[in-house]
Each structure stands twice: as structure tokens, then as C-alpha cells.
Amino acid sequence: MGPPQEQHEGQSASSSSQPQPSLEPGVDTKSTMILSTSWFTPKRLLAIFCVINLLNYLDRGAIASNGVNGSQGTCKGGTCKSGTGIQGDFKLSNFEDGVLSSAFMVGLLVASPIFASLAKSVNPFRLIGVGLSVWTLATLCCGFSFNFWSISACRMLVGVGEASFISLAAPFIDDNAPVSQKTAWLATFYMCIPAGYAVGYIYGGLVGSHFGWRWAFWVEAVLMSPFAILGFFMKPLQLKGFAPADSGKKLKLETAGSETQDVNASNGKDETLSLKAEFRDKSTHETSGSKCATTIYGQFSIFLQDVKELLLDKVFVVNVLGYIVYNFVIGAYSYWGPKAGYSIYNMANADMMFGGITVVCGILGSLGGGFLLDFVNSTISNAFKLLSFATLTGGACCFGAFLFRSEYGFCALFAVGELLVFATQAPVNYVCLHCVKPSLRPLSMALSTVAIHIFGDVPSSPLVGKVQDKIHNWRTTALILTSIFFPAAAIWFIGIFLHSVDRYNEDSEHEGSSVERTNTAPLVEENTAKTPISGQTQEC
């Protein structure tokens, strides 16, 4: 007797007892995956994602730079000096300027959970292409804005475009990284955050000063456009824990399966089944609208179920709470840092100074944190230890730096502080990816992103601007802000004592989901483990 055949869900018992013929020549019913082409390898995937991430954060650094963001107009002794950059052209207060820095977060927060949910029914790699296209067009429009409201709307759309990439890139990298270097690969990806900000400060200062702030946005759009196109034209990749990317082949298999069933019925093997199938087809045609509504409701119910599961996970919640408090400080640093440095130490080249410190310390700190966690053994408990220690000592160094009266003393101690603070980038995202099962990773990253922005850097920039408008002392404002690092370290310290389990290889299937999950590892090697094909997928 031949090997047992895989059966479709819901298939009758009589048909399950007979071997099924191949549904299509050359097509196997096993779980398939995208094999690497002659040039597209895991390392090149990492490199492409790093460049995209760098451009995302270059945009954030550029709009915060003095060259693009500019300054308010001033009047002293009867002599008035016009403002510069966005703030000067649109006559923005510090509070409005802070709101502008957070405007793109609105789009990011709304769109991140949507993209994470769509990953269950649409190939995630294509979603990244859609997001990058929106980002490119929105950035282009930023250069054509004419007042506060128009540029705010464009910044919101920039956030929508970035949402798909932020939620989905890290799971792709985690899937393709070597087992012993997962945190190091994540560190390489996340070092682009401080590096992008820093390069953005320098880029914004140079372009804004020489060509005008609008050109900074136009050039960004040109640089991102090839990657947006790549997302549509390159063969899509597959995420661990989700259905195969080749949905067209899957649909063909299901159609072929139903045709095989009809042939058996027409041969007189099951006349009743044939009549039932005919009735079911008519009924399906008549009630397609209600089925569509049911499918949407079902997907929304699964989304709420997944969110509830994440919010009940103590490890996930503690990790994100610490990340929120940490990001409150980092977000305000990234936006107000150059202005604070210019005011406190009269730095004529504040953009260059902050940019240089951030790019060097950000890269070294992010890579150092990732390699260190891999070296001591990548576990969730060890990640929390590194997060707590690095944030506590880094925060203390940054606090001490702002007490210095000397510019050189400030730069030296602040550089050490940033080196330690940025060592948290890979460990905190490692916890987000590994404390949940594979099918929840995009949603985990999306909810983490939503939380750290809506409670972290979205309110921090306007609030710090409000504090500065009230006390008019950047040194005091900076010290108040920096002290918030210490509660973040305390929260992550609690995580050390929580019972934590790495769920990376845990079964990730949802019963009743219309999309099957597979444990594939794209771009590495083909998975030969067979998985059942669902024959009950509803198309809306």
C-alpha cells in the first residue's frame, strides 16, 4: 500500500479512504517557500532593509535639524530678524513645532495594527511595497506644503507609509538570521535608527542651509522610490507562521480539489453528494454578501483575540512599558537635542555635533548590545538584565553630562551615555519577537510601535516644548527629561524576575482561521515538512 495522502479539511470519510491523485503536474501539496535567487540572499535582504530603515530615520532627523526645522523670528532692540526653515516660514510656536514632529506618528499608530492584521491575508512583502510607495509620495508632498496644516497632513501620510515596514521588517530579519546571530542581525537593523537620525541632522543642515528645506524632502523621495518599486516587482517572501505567499497556486489547488470531488460524484459514487454540492453552489452565490461580512467579522474577532493574548502576556507588557518610558526621553532628545545644545553651549554647529555623536555612539552601542546578548546567550531574562543595566548607567552619564559647564566635558560624558543607552535597541525588540508565538510577531511589533509612540515620543516633544516655553532654561529642561531614564531601568529590572519562555518555535496555528500557518524559513532552505491544505478558505 502507498503512503497515506493528505486530506482537505471537511472532506468526506469515504473519499479519505482512497488515495488522491496529484492535483496538478509539478505541484506538491507540501509547504513551499521562496528559495533564494542567484543574487537575493539573507544578507542582501538585511542590507536592503537597513538602507530603507536608514532613510526612514534620516527623514526624522532631517525635520529635526536646524537647517530644515529652522527657528522663530526674533526682535531685539527694535531690530527684527526673520525666522528660518519650516518654523520660520510657517511662523510656528515651539508647541506647534513639537506637534509637527509628532504628526507622522498619528498615521503610524493608526496604520501599524492594520498592516499587521492584513499580513494574515496579503503577502507581507507586498504590504511593505505599498507602504513605501505611500511614504515616497507623502515625503514628496511635504516639499510642496504651504502652511502648518498642509505639512502636518503630509507628515501623517509619511507615518502611514512607514507603518508596514516597521511592523514587518523585524520578523523577516528574525526568520532569515543564523540562529547564533539573531540578536546581532537585529542590532544591525536597529543601529540604523540612531545612524539615520544622525545622518538626518547633518543632511538636513547641509541641504537646508544651501538649497532650502523643501529640497531635503524631495531628495528623500527620490532615494526611497527604487525600494518602493522593488517591493512590487521582486518575488515575494514568506514569514514564519503564515500561509504560503503563492496564493494563486493555493487557489488553483483548491479549485482542482473541488473538480476532483465533482468527478467522483458524476461517476455515481455519491449521487447525494453531487446534489448537495449543486445546492451549496447556488446558496453560495446567493449569500456572497453575507459571507463577505462574516469573513470580515471573523478576521476582526481574531484580531481582538490576538490583542487580548498579547495584553495578558506579562513579559510583553513589562517590556513595552519600559520601552515607552525609555522612548519618551529618546524621542525628545532626537527632536530638541540640537536646539538644546545650541542654547546651552552656544554650539554654532549643533547639527553636526549632535549628529556626529549620535551616529558613532548609536552604531557602536546598537551593535554592541546585540553582540553582547548573543555572547552571553540570547535569552529573554538576559535581555532584561542588559536593558536595565544599560539604561540605568547610560541615563546617569547623560544626566551628569548636562551638569557640565564645558562643552567638551558635556560631549565626552554624553557620548558614553548614548553608547550605553543605544545598547538597548536589539534586546528590547528581541524580547518582543521571542516572547510571542510566530503568528503574533507582526502584531507584537505593531502594538509595541503604537504604544511607544502614542505614550512615548508623540507626547514628549510637545510637552518638552511646553516646559521650555514655561521655564525658558534648556539646561533645566534637559535634566528633567533625562531623569526619566531611571524609571525605565526600574521597569525592565522587574522583567528579570518574570517567568519567561522563548516561543519562537511554538505552534502558531489559529483554529478556525481562514489562513493556514506554516513554519517556513524563507531564503534559507526548503521545508519538506507537510502541512494540511485548507479546503474551506472563503474568498470575499
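The values are calculated or read from the model by the stated rules, or taken from the named source; none is laboratory data. Since this is a predicted model, take the numbers as computed values, not measurements. Because the Cβ atoms are built from the backbone with ideal geometry, glycine has one as well, and the counts that use them run over all protein chains shown. All accessible areas refer to the heavy atoms of the entire protein, side chains included, with ligands and DNA or RNA removed. Shrake-Rupley method; radii C 1.70, N 1.55, O 1.52, S 1.80 Å.
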Filtered residue count, the range 369-393, keeping only those that are outside any helix (DSSP H, G or I) and among the acidic types (Asp, Glu): 0
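Residue-by-condition table, conditions (1) out of contact with any Phe, Trp or Tyr (no Cβ under 6 Å at 6 or more places or on another chain); (2) assigned by the TED database to the domain that holds Val307; (3) more than 14 Å from Met445 (Cα to Cα):
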position	(1), (2), (3)
Ser121	yes, no, yes
Cys142	no, no, yes
Ser152	yes, no, yes
Val160	yes, no, yes
Ala163	no, no, no
Asp175	yes, no, yes
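Residue-wise test of (1) under 16 Å from Asn94 (Cα atoms); (2) in a helix (DSSP H, G or I); (3) assigned by the TED database to the domain that holds Phe410; (4) at pLDDT below 90.
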| site | (1), (2), (3), (4) |
| --- | --- |
| Val450 | no, yes, yes, yes |
| Ala478 | yes, yes, yes, no |
| Trp492 | no, yes, yes, no |
| Glu511 | no, no, no, yes |
Quick check on this structure: which one of Ala187, Ala221, Ala169 is under 24 Å from Pro338 (Cβ atoms) and either out of contact with any strand residue (DSSP E or B) (no Cβ under 8 Å at 6 or more places or on another chain) or free of Cβ contacts under 8 Å to residues at least 12 places away in the same chain (or both)? Ala221
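Within the range 113-140, can you find the residues that are surrounded by fewer than 19 Cβ atoms within 10 Å (Cβ to Cβ) and not hydroxyl-bearing (Ser, Thr, Tyr)?
Once the filter is applied, which keeps residues that are surrounded by fewer than 19 Cβ atoms within 10 Å (Cβ to Cβ) and not hydroxyl-bearing (Ser, Thr, Tyr), the range 113-140 yields Ile114, Val122, Arg126, Val130, Leu137, Leu140.
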Name the one entry in Met347, Met352 that is aliphatic (A, V, I, L, M), outside the structural domain of Pro194 (by the TED database) and under 15 Å from Trp474 (Cβ atoms). Met347
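Can you tell me which residue among Ser14, Ser65, Ser31 is polar (S, T, N, Q) and at pLDDT 50 or above? Quick ask: steps written out before the conclusion?
On the way: Ser14 fails: at pLDDT 50 or above; Ser31 fails: at pLDDT 50 or above.
Of the residues listed, the single one that is polar (S, T, N, Q) and at pLDDT 50 or above is Ser65.
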Test: Ser145 is open to solvent by less than 30 Å² (accessible area, probe 1.4 Å) and either part of a helix (DSSP H, G or I) or on the phi > 0 side of the Ramachandran plot (or both): no
The one condition in (1) in contact with a Gly (Cβ under 8 Å, 6 or more places away or on another chain); (2) in contact (Cβ under 8 Å) with a residue 40 or more places away in the chain that Leu413 fails to fulfil: (2)
Counting only residues that are over 23 Å from Ile330 (Cβ atoms) and small (Gly, Ala, Ser), which one in the range 86-104 is least open to solvent (accessible area, probe 1.4 Å)? Gly88
Assuming Val99 fulfils every condition listed in (1) β-branched (Val, Ile, Thr); (2) closer than 13 Å to Ser461 by Cβ; (3) within 15 Å of the chain's Cα centre (by Cα) apart from one, which condition is it? (3)
Restricting to the range 39-76, give me the number of residues that are open to solvent by 10 Å² or more (accessible area, probe 1.4 Å), assigned to a helix (DSSP H, G or I) and not charged (D, E, K, R). 12
